[in-house]
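A short write-up of the structure that comes next.
Coordinate-derived values only; no laboratory data. It should be emphasised that the depicted structure is a prediction, and the values quoted were computed from it without experimental measurement. A quick note on method: Cβ atoms are made from the backbone with ideal geometry, for glycine too, and the neighbour counts reach across all protein chains shown.
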Amino acid sequence: VAAIASAASWAFGTLMFDRLGRHVPPAGITFIKGSLSIVFMALLTLFYNGFVSVGSIECVYLAISGIIGIAVGDTFFFKSLRDLGPKVQVLFFMLGQVMTMILSFVFLGEILSIKEYIGALILLIGVMVVIWDRQEEHPNKARGITYGILSIMCFSASSIIIKYSIDEIDVVSATFYRMFFGTIGVLFVGVSSQKISGWIAPLKDIRILSLFVLNVLVITFGGFLLSTVAIKYI
């Protein structure tokens with residue numbers, strides 16, 4: 001149930017982020033999304049069981065997962081979304097599950113049936129057919145596909161890494177710390193490049209700010225939190 005609800009949340013979020021991408025650059029979306037998510041997750045953490053201590057090994061895994069999956073992966077994702085549009089991005093999420101399947105076999109020893117591997121191959125072929133056959137109106141299709149592939153590689157690697165840290169940590173705390181480290185990574189890039197002010201300037205428009213808040217609520221509790229629940233239990 002968590003996995004299906006998470007997928008639905010990401011589908012909704014992709015459509016909304018496509019609209020926001022017309023006003024905010026990709027790295028800016030990652031930073032604003034992460035900052036709002038930290039606030040929402042901090043409130044949930046306080047309500048749920050308070051901030052719990054995390055072991056050094058688990059903390060390292062959560063930090064690496066956050067930086068790869070959020071700071072890098074989300075930024076690539078929003079770059080690809082700008083070039084390809086939301087329909088293809090939803091398909092890229094499907095393609096990402098195939099990548100995760102491969103990595104889980106290599107690093108976690110999770111073995112699926114022959115039918116499931118055949119299904120993954122059919123899915124992969126279907127994704128590529130749709131991308132190349134129906135997206136001619138996007139002039140930067142090749143660049144968008146490159147960013148899309150990089151983003152799903154980051155998402156999949158991040159999912160595998162977080163699996164090592166959540167066996168002994170509740171999902172609320174794990175999601176908060178992962179979000180925190182990922183957003184800190186983007187903040188470092190923004191400060192070093194002196195682009196923070198440009199990233200947050202569009203938030204002066206109350207319509208854009210409201211859309212961000214709504215979308216991040218859905219993504220934080222539906223996308224990130226429920227995906228962590230799914231990874232932990234299935």
Normalised Cα Rg of the range 42-88, dividing by 2.2 N^0.38 Å with N its residue count, works out at 1.65
In this structure, the FRET efficiency calculated for LEU15 and SER53 from their beta-carbon separation, with R0 = 41 Å, to the nearest 0.05, is 0.60
Most packed first (mean Cβ within 10 Å per residue), the peptides 40-52, 62-74, 158-170 order as 62-74, 158-170, 40-52
Taking 76-89, 186-199 and ranking on average Cβ neighbours within 10 Å, highest first, one gets 76-89, 186-199
Magnitude of the Cβ-charge dipole (Lys and Arg +1, Asp and Glu -1) of the range 51-174 about the Cα centre, nearest 20 debye, reported as 440 debye
For the chain, the dipole about the Cα centre with charges only on Cβ (Lys and Arg +1, Asp and Glu -1), to the nearest 20 debye, works out at 620 debye
Gyration tensor on Cα atoms of the chain, a ≥ b ≥ c root eigenvalues, a/c under 1.5 rounded, else prolate if a/b beats b/c, else oblate, says oblate
Dividing the mean separation of Cα pairs under 8 Å (6+ apart) by the residue count of the range 5-111 yields a relative contact order in percent of 43 percent
Classified through the alpha carbon gyration tensor (a ≥ b ≥ c as square roots of its eigenvalues; rounded if a/c is under 1.5, else prolate when a/b is larger than b/c, else oblate), the range 1-111 comes out oblate
Dividing the mean separation of Cα pairs under 8 Å (6+ apart) by the residue count of the chain yields a relative contact order in percent of 44 percent
Restricting to lysines and to Cα separations under 25 Å from LYS195, and discarding same-chain partners fewer than 8 apart, the set is LYS33, LYS79, LYS204
Cα extents of the range 180-234 along the principal axes, largest first, in whole Å, come to 41, 29, 10
Heads up, the range 113-214 by the C-alpha gyration tensor (a ≥ b ≥ c square roots of eigenvalues; a/c under 1.5 rounded, else a/b over b/c prolate, else oblate) looks oblate
